[in-house]
Structures are given as C-alpha cells and as structure tokens.
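The structure appears right after this line, and notes come after that.
Coordinate-derived values only; no laboratory data. Worth saying up front: this structure is predicted, and the values here are computed from it rather than measured. Here the Cβ is made from the backbone with ideal geometry for all residues, glycine too, and neighbour counts use every protein chain on show.
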Amino acid sequence: MTLGFESFGGWGLFFIALAYAGAGIWLTEYLLNQSRLPIPAGITAAFVVCLTPLAVYGLQSALGWWDDGLVFREFTSHIDSRWLFMELATLACGAAMLWRYRLPFLVLPVAVTLWYMSMDLAPLLFKNADHAVELSEQVSLWFGLLILLLAFLVDLRTHQNKDYAFWLYLFGVMAFWGGLSVMGSNNGLDPFIYFCINLAMIVVGAVLSRRVFAVFGGLGAAGYLSYLAYDVFADSMLFPIALTAIGLGLIGLGIAWQRNEAAIGKTLRRVLPPAMRAFFEGRD
C-alpha cells in the first residue's frame, strides 16, 4: 500500500480490503473445490488473512486513531502498540480460515503475526523501563520459545496429516535466535554460552528432523568462530586466513553432516519415548 491509497481515507481503505478479501475467498473456494489445486488455494487464502491488518487500519483511521501521521505502510518497519489490534484481528482471521480450509500455508501469516506481536508487545509492557531495549530482546527470545513449544505441540498432533508446524518452527527460531544474537555480552563467558546454545540447536534439529534449527545454529556457531578469529588475530595478516579456514571447515562439516544426518538423528533420538521416536524417524 503506497501513500497514494491514503487519499481514499479510512473507510475507503476498509472497503477496499473487504473487496479484495471477498475476491480472495472466491478464488480459494474455486481453486480448492472446483480445480482441486490446494497449493494455490493456500496462497489465496493466506492473501485474505494478510488483508486483515489493512481492514483494521482503515477502520481505526476512520475513527481517528492515526491522526499523528503514522501510515499503514510503516506497519513492517515501525513498532507501535496500536498495531496490536491489527495483529489480534489477523490471528482471529487466520484461525477462522484454518478451521474452514485446513491449508498449511495459512500458518505462515499467523506465524509472522505472532513474531510481529512479540516486537510490538515489548514497548507496551516496558515503555517506562530503564532498559527497554534489553527487555525487548528478552521478549523476543522468550516469545520465540513459546512459539517453538506451540510448533512442537502442533507437530505432534498433526503428524499424520499435513505439515502445519513448519512456519511456526521457522518464525519461532527466528524470534528466539534473533533475540539471543543481539543480546549484549556482560562477561567473557557469554559468547561461549551463545556458541553452546547454537550447538544445542543443531542437536535439536537432528532430533526433531527440522533443519531450520541446524541452519540458524550453524550461522550462530560460525559467527562465534569468526568472533574468536577476530579476537585472536586482531590486526594480524592471519585474520583473513583464519576466516578462510573457518569457512572451509564449516563446508567440510556440512558435507559430513549431510552424509550422516539420518544416522546422527537416529542415535540422538534413543533418549525419546518409543512412540515419539517412531514419529520422528518416520519423517526421515
């Protein structure tokens, strides 16, 4: 939505969103029931959910909530507690669309909304705090963990159907890992603890057969090794050589991991209950 659309006013934006949503629902019904095409139907259904913030913004604008000059296109770049009403409505719409259509791609806008909500909740909860930035980082971390727990429960309940948990895992890991990665270091052990957590994420990814954990854990581990290289070889000509060695070593580890991923995961899953172990091994 460009600034030009603001000229329609709040009610104009509200009814434009409703018109687009109506077209999206019609397309979803047609693609799902007439053409038997669930993947594009999932996209058009998600499009309807993504229109919810615009409809709520238009309604709020018509009621004078946005007279301070903040506009809809800044929804993705500015943190504001007023976005929470748009996000709650989006979650409600996403839940209704999921109940109606049972399409896994619909979880994507729900997961994104949960991620955005974690960022908008922080200034609302800690607007008078002395360390609001640090508290926002902690909110992102713990909110990410809650999303991951939700993803795990969804994974267990829907393991015989479609993969509804993928997007929750992705944005849960992004919120958790992002909050963890931007936290400041208070002592010399913090970077090493960060490294250990990233290694643990790789192990969790192997146990759950979810590579998103391994991807972000690998990025964090590589960042820690690069930090060590810079710290040890600061102002030295050996610095680029050390970084090159780290890069080549990570590629080698990646090849070894790819070749042995199934065997590693099977070994690690021996600690799980038999039913849960059979579920994750079935995914492999």
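Please compute the length gained on full extension between ARG259 and PHE192, using 0.36 nm multiplied by the number of residues separating them and subtracting their Cα-Cα distance.
Fully extending the segment from ARG259 to PHE192 adds 21.4 nm.
Can you tell me which of 171-179, 6-14 comes out highest on packing, and rank the rest after it, using the mean Cβ neighbours within 10 Å?
Ranking, from highest mean packing down: 171-179, 6-14.
Per residue of the chain, what 222 nm ellipticity follows from adding -39500 (n - 2.57) for every DSSP H run with n ≥ 4, rounded to the nearest 500?
Calculated from helices alone, the mean residue ellipticity at 222 nm is -25000 deg cm²/dmol.
If I take R0 = 25 Å and measure r between the Cβ atoms of ARG157 and LEU268 in this structure, what FRET efficiency does the formula 1/(1 + (r/R0)^6) give, to the nearest 0.05?
The value I calculate is 0.65.
For SER226 paired with ARG102, estimate the spin-label separation in nm (one decimal), with each label point 7 Å from Cα along the Cα-to-Cβ line.
For SER226 paired with ARG102, the spin-label model returns 4.5 nm.
Please work out how much length the chain gains when fully extended from LEU219 to ALA19, using 0.36 nm per residue of separation minus the C-alpha to C-alpha distance, in nm with one decimal.
Residue separation times 0.36 nm, minus the Cα-Cα distance, leaves 67.7 nm.
Cα centroid distance between segment 253-277 and segment 1-62, in Å?
Cα centres, segment 253-277 to segment 1-62: 43 Å.
Going toward the positive end of the dipole of segment 190-284, with +1 on Lys and Arg Cβ and -1 on Asp and Glu Cβ, which of ALA229, PHE195, GLY265 do you reach last?
Working it through, the farthest residue towards the positive pole turns out to be GLY265.
Based on the Cβ-Cβ distance from LEU243 to SER35, what FRET efficiency comes out when R0 is 51 Å, to the nearest 0.05?
Calculated value: 0.50.
Assuming R0 = 22 Å, can you tell me the calculated FRET efficiency for the pair GLU134 and PHE85, based on Cβ-Cβ distance, to the nearest 0.05?
Once rounded, the FRET efficiency stands at 0.25.
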